[in-house]
Each structure stands twice: as structure tokens, then as C-alpha cells.
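Asks: I'd like to ask you about the structure that follows.
The values are calculated or read from the model by the stated rules, or taken from the named source; none is laboratory data. Keep in mind that this is a model prediction, so the values were computed, not measured. Here Cβ is always computed from backbone atoms with ideal geometry, including for glycine, and neighbour counts include all displayed protein chains. All accessible areas refer to the heavy atoms of the entire protein, side chains included, with ligands and DNA or RNA removed. Shrake-Rupley method; radii C 1.70, N 1.55, O 1.52, S 1.80 Å.
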Amino acid sequence: MNTIDWAVSVKPDLVRLQRERGIPALFAAAQMCHESYNTQTGGLTELASKCHNYAGMKWAPWQAEFGAYPVVYGTWEHIDGSDQRVSAAFAAFPSWEHWLRAYASLLTADRYRSALQFAADPLLYGLQVWQYGWATDPNYAVKLGLWMAQLWSHYADTLQGAPAARTPVPIRDAGGRLLTTGWLDGDRTAAYLRELAEAMGQVVDWQASEPAAIVRYPGRL
């Protein structure tokens, strides 16, 4: 199974992670693809496939709570302006489920929690996580963006406000005629101004100098 297919297979779990913990599903999928990509096979690395560590998480004693233990692998780190090959202790987990709980715990702990304020934009969220110290690679955020682009067709519907994720609400006049279809935004109904106004016989203009939208009745100035 190639890395993209794997990311699609775990989408339900990452969507649930987004819903319950706020971590953007598209970010999580992109990060795991980037960290787990085996350049020789196109599938998952041994750290991912055998150790259930899908984001290069280094070993720390707190991970024992999730059944983890240390394993040593070679890795690249950006040190003093150059990429250097080093050996490092990574966390190995008993299962995907154990891994996902530990992953969520880390990203919602003190070091990374404030990145959640940017969760509506997975790339901006990823930039914050990188800046808080997830990786030493200076191009880490760019690489996440490239993976997000590859995953876009599979994960675009997980973005906040994405049309496919909205609950549709038909908007009708008093006679029952459908004017347009809006969507739920919390406890409010939202709709596109132009579609609704034009269905009611009004004209919508855009005034770029303010900027402002202007709703006109036909024949009125």
C-alpha cells in the first residue's frame, strides 16, 4: 500500500481526532505521510509499519503510559546549518490506537497547545507546530504543504467551513418557494448574499473602494 492510500485508509480516525481534540485531519495526514514515507518503496517506513510511530516522535518516559518503549534508528537532523546523520531513540507503540492517543496527548500538551488557535488552517497550524520545535528541518512546513496538496482531494471536506462538511438548510419565502440553500454555522443559518438577494428580486453590487456589498432594489438608486 502506498503512503497516500494508507492516509486515506486512516481518514475516519483522523477526522475523529479533529472532532474530539481539534487537531486538523489534513495536517495529521500530511505530517504522518511526510514522516513515514519510505523513499525506496513508496510505502511506510519500518518505524511506522512495525513500531506504529507515524510522525517521528522521539522517545520520552511519559510515553510509557501509552505502552511505548524506546527503539533506536538513524535519522537526519539539521544541525549548525547542515543536515547530519545521527542515531536517535524513537518511541515504539503497541498499536495504531496507542499511537494516536499519544500523538493527541503531545499535540494538546503545553508545548504545542497554543497552535490549536490556528487549527482552521492546517498549513498555518503545521507551521506553528514546527516553530514550537517538532522538527529541525528548516523546510519542514513547505514539505507538509506539498503533502497536503497531494492529499487535498481526499481531505478537503475536513476543512472547517468546507461545503461538504456543512449541514444544508433550505431557505424559502412565505409561499414555500426555494430561494437558496444555506448552511448551519453554529446555531445560525448562513447563506451567500448574492444568491439570496437575487432570488428575492434584488441586485447586489460590490464597491471595492470601501469595501462593501450594496443591495439594491430594481429601479432604485
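Asks: If I filter the range 22-42 for residues that are assigned to a helix (DSSP H, G or I), closer than 13 Å to residue 158 by Cβ and open to solvent by 10 Å² or more (accessible area, probe 1.4 Å), do I get at least one hit?
Replies: If we filter the range 22-42 for residues that are assigned to a helix (DSSP H, G or I), which is where we start, we get 25-36.
Subsequent filtering for residues that are closer than 13 Å to residue 158 by Cβ retains 25-30.
Those left that are additionally open to solvent by 10 Å² or more (accessible area, probe 1.4 Å): none.
Scanning the range 22-42 turns up no residue that is assigned to a helix (DSSP H, G or I), closer than 13 Å to residue 158 by Cβ and open to solvent by 10 Å² or more (accessible area, probe 1.4 Å).
Asks: So which residues in the range 184-198 are in a helix (DSSP H, G or I), free of Cβ contacts under 8 Å to residues at least 24 places away in the same chain and of a type in the set (A, V, I, L, M, F, W, C)? Explain how you work it out, then say what you get.
Replies: Narrowing the range 184-198 to residues in a helix (DSSP H, G or I): 193-198.
Filter again for free of Cβ contacts under 8 Å to residues at least 24 places away in the same chain, leaving 193-195, 197-198.
Selection gives 193, 197.
Asks: Run down 48, 55 and say which single residue is outside any helix (DSSP H, G or I), at pLDDT below 95 and within 14 Å of residue 103 (Cα to Cα).
Replies: Details: 48 fails: outside any helix (DSSP H, G or I).
Exactly one of 48, 55 is outside any helix (DSSP H, G or I), at pLDDT below 95 and within 14 Å of residue 103 (Cα to Cα), namely 55.
Asks: Can residue 182 be described as on the phi > 0 side of the Ramachandran plot and over 13 Å from the mean Cα position of the chain (by Cα)?
Replies: Working: on the phi > 0 side of the Ramachandran plot: no; over 13 Å from the mean Cα position of the chain (by Cα): yes.
No; evaluated as a whole, the condition is false for this residue.
Asks: Next question. Residue 96 is checked against (1) within 22 Å of the chain's Cα centre (by Cα); (2) under 23 Å from residue 133 (Cβ atoms); (3) of a type outside the set (Val, Ile, Thr) and fails just one. What number does that condition carry?
Replies: (2)
Asks: All but one of (1) open to solvent by 40 Å² or more (accessible area, probe 1.4 Å); (2) at pLDDT 95 or above; (3) over 23 Å from the mean Cα position of the chain (by Cα) hold for residue 67; which doesn't?
Replies: Answer for residue 67: the failing condition is (1).
Asks: Could I ask something else about it? If I ask for residues that are modelled with pLDDT under 85, of a type in the set (A, V, I, L, M), farther than 17 Å from residue 115 by Cβ and surrounded by 11 or more Cβ atoms within 10 Å (Cβ to Cβ), which ones from the range 130-169 would you list?
Replies: 162, 165
Asks: Take the residues of the range 1-11 that are over 13 Å from the mean Cα position of the chain (by Cα) and in a helix (DSSP H, G or I): which is nearest to residue 39 (Cα to Cα)?
Replies: The initial filter retains those residues of the range 1-11 that are over 13 Å from the mean Cα position of the chain (by Cα), namely 1-6, 8-10.
Narrowing the set further to residues that are in a helix (DSSP H, G or I) leaves 3-6, 8-9.
On the way: 3: 10, 4: 13, 5: 15, 6: 15, 8: 19, 9: 20 Å.
So, considering only residues that are over 13 Å from the mean Cα position of the chain (by Cα) and in a helix (DSSP H, G or I), the one nearest to residue 39 (Cα to Cα) is 3.
Asks: Please verify whether residue 114 is more than 23 Å from residue 68 (Cβ to Cβ), of a type in the set (Ser, Thr, Tyr) and at pLDDT below 95, treating the condition exactly as stated. Spell out the reasoning first.
Replies: Working: more than 23 Å from residue 68 (Cβ to Cβ): yes; of a type in the set (Ser, Thr, Tyr): yes; at pLDDT below 95: yes.
Answer is yes for this residue.
Quick grid of which residues meet (1) over 30 Å from residue 36 (Cβ atoms); (2) in a helix (DSSP H, G or I):
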{"site": "110", "(1), (2)": "no, no"}
{"site": "146", "(1), (2)": "no, yes"}
{"site": "182", "(1), (2)": "yes, no"}
{"site": "201", "(1), (2)": "yes, no"}
{"site": "213", "(1), (2)": "yes, no"}
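Asks: Considering the range 109-129 alone, what residues qualify as being of a type in the set (Ser, Thr, Tyr) and surrounded by 17 or more Cβ atoms within 10 Å (Cβ to Cβ)?
Replies: Step one: of the range 109-129, the residues of a type in the set (Ser, Thr, Tyr) are 112, 114, 125.
Selection gives 112, 125.
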